[in-house]
Amino acid sequence: MNEIIFKNVYKNYGHVEVIKDLNLTIPSGLRLVLLGPSGCGKTTILRMIAGLEEITSGDLFMGGTRVNDLEPGDRNVSMVFQNYALYPHMTIEDNILFGLQVAKVPKSEQQEQLYWALEILELTPYVKRYPKELSGGQRQRVALCRSLVKKSPYLLLDEPLSNLDAQLRTSARAELVKIHEVYNPTFVYVTHDQVEAMTIGHKIVVLDKSIIQQFDVPDNIYNKPNNVFVAKFIGSPSMNIIEAPIEGESIIIDGIRVKVPTNWREKVGERSKIKFGVRPEHVILDTTHGDLKLKSDFVENHGNRKCISFRFGSQQLMATTEPEFNFSEDLYLKIPWQRIHFFDNESNINIGYPN
Amino acid sequence: MQTNPSKKKNKEFFWHVLLLALVVITFYPLLFMFFASLKTNNELFRSGLNIFPTSPTFQNFLLVFTKQPVLQFIGNSLVIALIVTFAKLITSILTSYALVFMNVKYKEAIFYIFTITMFVPFSVIMIPNYLTINKFLLMDSLLGVALPQLADAMGIFRIRQAMRQIPKSLVEAARIDKVNHFTAMVRIVIPLVRSSIVAMGIIFFINSWNEFIWPMLILKSREKSTITIALQYFLNSEGGSAWGSSMALATIATLVPLFLYLISQRQIISTFLQSGLKE
């Protein structure tokens with residue numbers, strides 16, 4: 001139906017490759033999030049779908065048709081821009097209806113669409129105002145309204161929440177999901193915020209350096225990251241990655257031998273060195289006994305938890321605990337073998353998990 | 001740091017005196033022109049440095065209107081100035097829109113070529129333009145005067161600057177809604193740069209209105225003359241220089257741009273004060 005398919009898509013600006021060999025299928029009606037650091041090409045992908053950027057080579061299909069050479073207006077998409085792109089000289093009503101007015105949709109139908117959309121986003125009282133008279137959150141909702149009245153099968157959003165304050169963002173996230181569920185368009189959302197990605201997306205594409213690092217459901221992105229980049233990019237504080245040699249049945253962390261369970265040892269195979277990953281929230285700390293004895297470096301109190309940092313050699317390790325956790329200088333760390341990740345030391349790729 | 005209030009006052013006084021001097025220097029020729037037009041020729045030469053007429057008379061104005069088809073001259077100037085102004089605005093707006101919002105290949109290079117033409121003096125292109133107009137058989141016609149002035153690099157430069165203040169996403173949002181470029185330009189971009197367009201229009205109009213050498217080259221017959229050409233009719237062809245009549249005509253010539261400035265003053269000032277477009 002309304003799926004979007006990228007086939008071997010490249011995008012160059014002069015000699016700079018922004019997108020390299022992109023192959024991606026976005027199923028119809030899915031909420032997909034493009035997540036990555038700035039400059040990773042996520043906005044370019046969105047703009048290629050909208051038709052605002054030309055495709056250098058490869059094919060883009062939308063709803064079964066090749067759209068490479070289609071004008072933005074002929075692709076039947078709607079888009080919410082980062083700066084909302086509201087027309088400052090028009091009232092909210094005209095802003096929302098501009099597209100429909102130009103398309104000469106009958107007046108009665110326009111009004112019907114307008115009040116339907118305003119109702120959903122609770123903007124009805126502001127219909128005669130100008131954008132400059134609204135707050136940031138209200139402007140953002142007007143931008144959503146504008147794409148809502150079109151009811152196009154594709155809804156594209158380019159970091160729509162990045163100009164809002166933290167509190168507003170939480171409510172706006174829920175609003176976005178609500179809007180998607182009104183008519184289930186194929187939803188493509190660009191963000192660099194992992195919380196938005198995890199909460200909004202059915203599926204997440206993690207991008208870095210123009211390449212897809214992982215395309216999966218949020219659970220797997222968090223629990224089974226493909227590589228070190230994804231592991232560190234998702235989660236706050238980010239995952240601890242420790243380079244550790246393997247000797248016999250043991251892994252050596254900070255000069256201390258820790259025995260590796262046999263199922264994990266089989267996975268490691270011939271490798272003599274490994275990148276060992278564990279999320280701060282999965283580290284088990286104890287004041288009396290454990291696998292490693294460590295000295296805490298500093299402690300950050302976040303109110304709902306404490307982040308304890310340990311340093312050994314050139315490496316650092318973070319652990320989060322309950323705020324009530326009381327400790328002296330010496331702490332014992334226990335490795336949670338069910339919650340750890342091993343990455344190949346050379347390629348940084350996840351070596352998999354034992355059955 | 002505390003500033004001595006009396007020192008501050010002195011400073012202010014100094015600036016006011018300076019500004020007042022500038023006002024006098026700027027206005028003196030205009031006042032001289034106006035008062036001279038109210039004097040008889042005899043008084044003009046008798047009165048020396050006294051610029052005020054002893055017995056004001058509108059004799060000169062009457063003479064000007066009876067001896068020459070002044071309204072015709074004003075009409076000619078107006079026709080040329082309006083054609084030139086609107087043509088320059090239209091070409092500037094279209095060019096700027098394309099340079100800012102459309103995917104035009106080599107648009108930076110094209111823009112720089114346009115800007116370079118600003119640095120070519122008029123005297124350099126005067127002869128080639130004269131020959132071209134001659135070949136087009138447009139000598140002694142108002143169209144011949146207007147034709148080489150239908151586009152202006154300064155207009156492209158200024159209006160492009162104004163359009164660059166508009167976020168590109170405004171036009172992109174419209175494009176996604178299947179709005180064509182022309183509609184996007186008319187409904188979104190032009191309203192947002194309106195004050196720049198008005199200011200540019202006034203500058204174009206006044207420049208064209210005041211133009212002397214080029215119309216002089218092209219226009220030969222009396223009934224095609226512009227008001228600037230007509231100014232010197234009283235200086236030589238009438239047997240002796242009729243300074244009073246000449247000043248009367250000059251006063252009339254000044255009134256049209258002055259009137260235009262007064263009705264659009266608000267727009268001009270807002271353009272020069274405008275620092276950027278905010279939503």
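The values are calculated or read from the model by the stated rules, or taken from the named source; none is laboratory data. As the structure is a prediction and not an experimental result, all values here were calculated from the model. Here the Cβ is made from the backbone with ideal geometry for all residues, glycine too, and neighbour counts use every protein chain on show.
Points to keep in mind about this one:
- If you go through region A:303-355 and pick out every residue that is of a type in the set (Val, Ile, Thr) and outside the structural domain of A:Thr262 (by TED's automatic domain parsing), you end up with 2.
- Flag if B:Ser208 is of a type in the set (Gly, Ala, Ser) and at pLDDT 90 or above: yes
- Taking each residue of region B:177-188 that is more than 7 Å from chain A (Cβ to nearest Cβ) and looking for partners that are aromatic (Phe, Trp, Tyr) with beta-carbon atoms closer than 8 Å, six or more apart or interchain, yields B:His181/B:Tyr97; B:His181/B:Phe101; B:Ala184/B:Phe101; B:Met185/B:Tyr97; B:Met185/B:Phe101; B:Arg187/A:Phe98.
- Unmet criterion (only one of (1) farther than 20 Å from A:Leu70 by Cβ; (2) within 12 Å of chain A (Cβ to nearest Cβ); (3) among the hydroxyl-bearing types (Ser, Thr, Tyr)) for B:Ser196: (2)
- Selected residue (criterion: surrounded by the most Cβ atoms within 10 Å (Cβ to Cβ)) from residues of region A:50-95 that are in a helix (DSSP H, G or I) and either away from chain B (no Cβ under 11 Å) or among the small types (Gly, Ala, Ser) (or both): A:Ile92
- Residues that are closer than 24 Å to A:Thr65 by Cα and either among the aromatic types (Phe, Trp, Tyr) or at pLDDT 95 or above (or both), drawn from region A:10-22: A:Tyr10
- Picking from residues in region B:234-265 that are exposed (fewer than 11 other Cβ atoms within 10 Å of the Cβ) and of a type outside the set (A, V, I, L, M), the one that is modelled with the highest pLDDT is B:Phe259.
- Listed by position, the helices (runs of 4 or more DSSP H) enclosed by region B:33-147 that each have at least 2 residues that are under 23 Å from the mean Cα position of the chain (by Cα) are B:70-101, B:107-116, B:122-135, B:142-146.
- Candidate set from region B:148-174 (those that are surrounded by fewer than 22 Cβ atoms within 10 Å (Cβ to Cβ) and over 27 Å from the mean Cα position of the chain (by Cα)); member that is farthest from the other protein chains (Cβ to nearest Cβ): B:Lys168
- Counted residues, region A:130-156 - those being touching a Ser or Thr at 6+ places or on another chain (Cβ under 9 Å), without any contact (Cβ under 8 Å) to a residue 60 or more places away in the chain and away from every other protein chain (no Cβ under 13 Å): 1
- Cβ pairs under 6 Å, 6+ apart, first in region A:92-117 and at negative phi, second part of a loop (DSSP other than H, G, I, E, B) and among the hydrophobic types (A, V, I, L, M, F, W, C): A:Ile92/A:Val127; A:Glu93/A:Val127; A:Asn95/A:Leu86; A:Val102/B:Val179
- Looking across region A:96-135, just one residue is aromatic (Phe, Trp, Tyr), closer than 27 Å to A:Val188 by Cβ and surrounded by 18 or more Cβ atoms within 10 Å (Cβ to Cβ), and that is A:Phe98.
- With respect to the conditions (1) in a helix (DSSP H, G or I); (2) over 31 Å from the mean Cα position of the chain (by Cα), A:Gly290 lacks only one, and its number is (1).
- Contact map, region A:6-25: residues that are among the polar types (S, T, N, Q) paired with residues that are not in a strand (DSSP E or B), Cβ distance under 9 Å, separation 6+ or inter-chain. Pairs shown: A:Asn12/A:Thr56; A:Thr25/A:Glu3.
- Residue in region A:118-138 that is among the aliphatic types (A, V, I, L, M), in a helix (DSSP H, G or I), farther than 17 Å from B:Ser169 by Cβ and modelled with pLDDT of 90 or more present: yes
- For region A:214-233, residues that are under 15 Å from A:Ser38 (Cα atoms) and in contact with a Leu (Cβ under 9 Å, 6 or more places away or on another chain) total 1.
- Test for A:Thr186: is it in contact with a strand residue (DSSP E or B) (Cβ under 8 Å, 6 or more places away or on another chain), assigned by TED's automatic domain parsing to the domain that holds A:Ala117 and closer than 20 Å to A:Pro153 by Cα: yes
- Strands (runs of 3 or more DSSP E) completely within region A:156-262 that count 3 or more residues being under 26 Å from A:Phe343 (Cα atoms): A:203-208, A:211-216, A:240-247, A:250-253, A:256-259
- Scanning region B:3-44 for residues that are farther than 23 Å from B:Ser246 by Cβ and not polar (S, T, N, Q) yields a count of 18.
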